[in-house]
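**Q** Dropping a structure here in structure tokens format, bear with me for questions.
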Amino acid sequence: MSDRHRTESDRRELAFDGALNLRDLGGLPTAHGPTRFGRVVRGGRRERLTAEGWQQLAAYGIGHVIDLRTPAEVHRRPTDPPVPATAWESFDILQLPVEDFAVADYVDALDHPYLNHPKHYPLLLAHFPAELAAVMHALARIARLPAGTRSPDSSDPAEPGSGSSRPTSPRPGVYIHCSAGRDRTGLVSAWLLQLAGVADAEIIADYRRSLDWVNEYHRTSGHPVEKHEPPAVFEPWARSRTEALAAFLRAHPAAEVLPRLGLEADEVGALASLLAPPDPRPDPSAG
């Protein structure tokens with residue numbers, strides 16, 4: 001790894017107070033330069049952020065939050081820090097679940113209590129295309145918002161998931177999260193990176209970072225299902241997932257899937273603009 005690549009990689013990790021598996025999708029290579037920093041960060045459940053963590057998120061330029069979890073997952077746990085609602089009152093928070101465990105066919109098709117493997121991403125496409133489309137429509141709207149404009153379906157600072165009439169946020173960045181910030185977030189992140197021109201191999205390497213992070217987190221997490229695994233167990237576990245993600249990205253590339261989900265060409269272009277490097281060509285209208 002070159003010194004520059006290592007520096008960009010280190011810069012991507014966001015050690016905001018309390019944050020889970022949080023990093024910027026900027027700094028990944030494309031044919032026209034690295035993806036943009038400060039536009040999209042991806043991570044785990046927001047309830048782990050302290051008040052200082054929310055301040056750090058705002059100072060970083062994040063003004064929008066997209067939560068991919070089901071409504072039943074959106075609550076404070078006893079181990080979460082106590083944080084006043086004012087900590088997130090300047091953020092647009094959109095609750096956009098990408099799955100529904102009331103759908104028996106979906107639950108039956110999973111071989112795990114929850115989605116934790118890219119081999120199951122096609123199940124989301126099969127059972128919840130409208131929900132996936134809603135996430136991508138929302139991201140396209142955010143990408144096209146002028147600074148200081150609030151997304152029309154943002155939620156309330158006091159209770160995530162309710163309506164709000166609070167002031168607008170001038171911050172253009174968006175924080176996408178699920179619970180661990182691994183698979184639901186990983187799918188949406190992968191499509192955004194594909195649209196920005198990032199090679200699948202780089203996307204898979206980024207996903208592997210989430211696998212590594214979560215495995216380390218489980219040394220002390222007390223998670224009821226997963227636990228920290230030693231290399232002899234973890235490596236084949238991780239390899240099966242990176243191989244499945246590679247197969248998914250080949251079979252379901254963003255540029256082909258999103259139009260089928262109902263996104264217009266200008267929306268796909270807006271999604272690409274979230275992370276794509278600035279056009280290096282001079283503006284012909286300038287000067």
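The values are calculated or read from the model by the stated rules, or taken from the named source; none is laboratory data. Keep in mind that this is a model prediction, so the values were computed, not measured. Note that we place each Cβ from the backbone using ideal geometry, even for glycine, and neighbour counts take in every protein chain shown. Just the protein is used for accessible areas: all its heavy atoms, side chains included, with ligands, DNA and RNA removed. Shrake-Rupley method; radii C 1.70, N 1.55, O 1.52, S 1.80 Å.
**Q** I want to confirm something. Restricting to region 228-279 and keeping residues that are closer than 18 Å to Glu216 by Cβ and of a type in the set (Gly, Ala, Ser), which single residue is most open to solvent (accessible area, probe 1.4 Å)?
**A** In the first step, residues of region 228-279 are kept if they are closer than 18 Å to Glu216 by Cβ; the result is 228-239, 241-242.
From the residues that got through so far, the ones that are of a type in the set (Gly, Ala, Ser) too are 232, 238.
On the way: Ala232: 88, Ala238: 0 Å².
Here the answer is Ala232.
**Q** A further question on this structure: Among what's in region 200-244 and is within 22 Å of the chain's Cα centre (by Cα) and of a type in the set (S, T, N, Q), pick the residue that is nearest to His112 (Cα to Cα).
**A** So, considering only residues that are within 22 Å of the chain's Cα centre (by Cα) and of a type in the set (S, T, N, Q), the one nearest to His112 (Cα to Cα) is Ser240.
**Q** Taking Arg76, is it in a loop (DSSP other than H, G, I, E, B), open to solvent by less than 60 Å² (accessible area, probe 1.4 Å) and over 21 Å from Pro172 (Cα atoms)?
**A** The answer is no for Arg76.
**Q** Would you mind stating whether Ala19 is open to solvent by 30 Å² or more (accessible area, probe 1.4 Å) and either in contact with a Cys (Cβ under 9 Å, 6 or more places away or on another chain) or within 29 Å of Gly222 (Cβ to Cβ) (or both)?
**A** Criteria not met by Ala19.
**Q** Just checking, does region 79-89 include any residue being touching a Pro at 6+ places or on another chain (Cβ under 6 Å), in contact (Cβ under 8 Å) with a residue 24 or more places away in the chain and within 22 Å of Leu139 (Cα to Cα)?
**A** Yes.
**Q** Please enumerate the residues belonging to region 26-74 that are under 20 Å from Ala180 (Cα atoms) and of a type in the set (Val, Ile, Thr).
**A** Scanning region 26-74 gives Val40, Val41, Thr50, Ile62, Val65, Ile66, Thr70, Val74.
**Q** Just for region 91-149: of the residues that are farther than 26 Å from Pro259 by Cβ and of a type in the set (Phe, Trp, Tyr), which one is most open to solvent (accessible area, probe 1.4 Å)?
**A** Here the residue is Phe101.
**Q** Now a separate question. For region 195-250, name all the residues that are assigned to a helix (DSSP H, G or I) and of a type in the set (S, T, N, Q).
**A** Ser210, Asn215, Ser240, Thr242
**Q** Could you look through region 168-205, keep only residues that are among the polar types (S, T, N, Q) and within 18 Å of Val98 (Cβ to Cβ), and pick out the one that is surrounded by the most Cβ atoms within 10 Å (Cβ to Cβ)?
**A** By that ranking, first place goes to Thr185.
**Q** Just to be sure before I move on: is Leu28 of a type in the set (A, V, I, L, M), more than 25 Å from Asp200 (Cβ to Cβ) and either touching a residue at least 60 places away in the same chain (Cβ under 8 Å) or outside any strand (DSSP E or B) (or both) in the structure I sent?
**A** Against the criterion (of a type in the set (A, V, I, L, M), more than 25 Å from Asp200 (Cβ to Cβ) and either touching a residue at least 60 places away in the same chain (Cβ under 8 Å) or outside any strand (DSSP E or B) (or both)), Leu28 does not qualify.
**Q** Determine if region 260-280 includes at least one residue that is of a type in the set (A, V, I, L, M) and more than 29 Å from Ile93 (Cβ to Cβ).
**A** No, there is no match, as no residue in region 260-280 is of a type in the set (A, V, I, L, M) and more than 29 Å from Ile93 (Cβ to Cβ).
**Q** Mind listing whichever residues of region 33-81 are basic (Lys, Arg) and either modelled with pLDDT under 95 or over 25 Å from Asp100 (Cα atoms) (or both)?
**A** First, the residues of region 33-81 that are basic (Lys, Arg): 36, 39, 42, 45-46, 48, 69, 76-77.
If the condition is that a residue be basic (Lys, Arg) and either modelled with pLDDT under 95 or over 25 Å from Asp100 (Cα atoms) (or both), then Arg36, Arg39, Arg76, Arg77 are the ones that fit.
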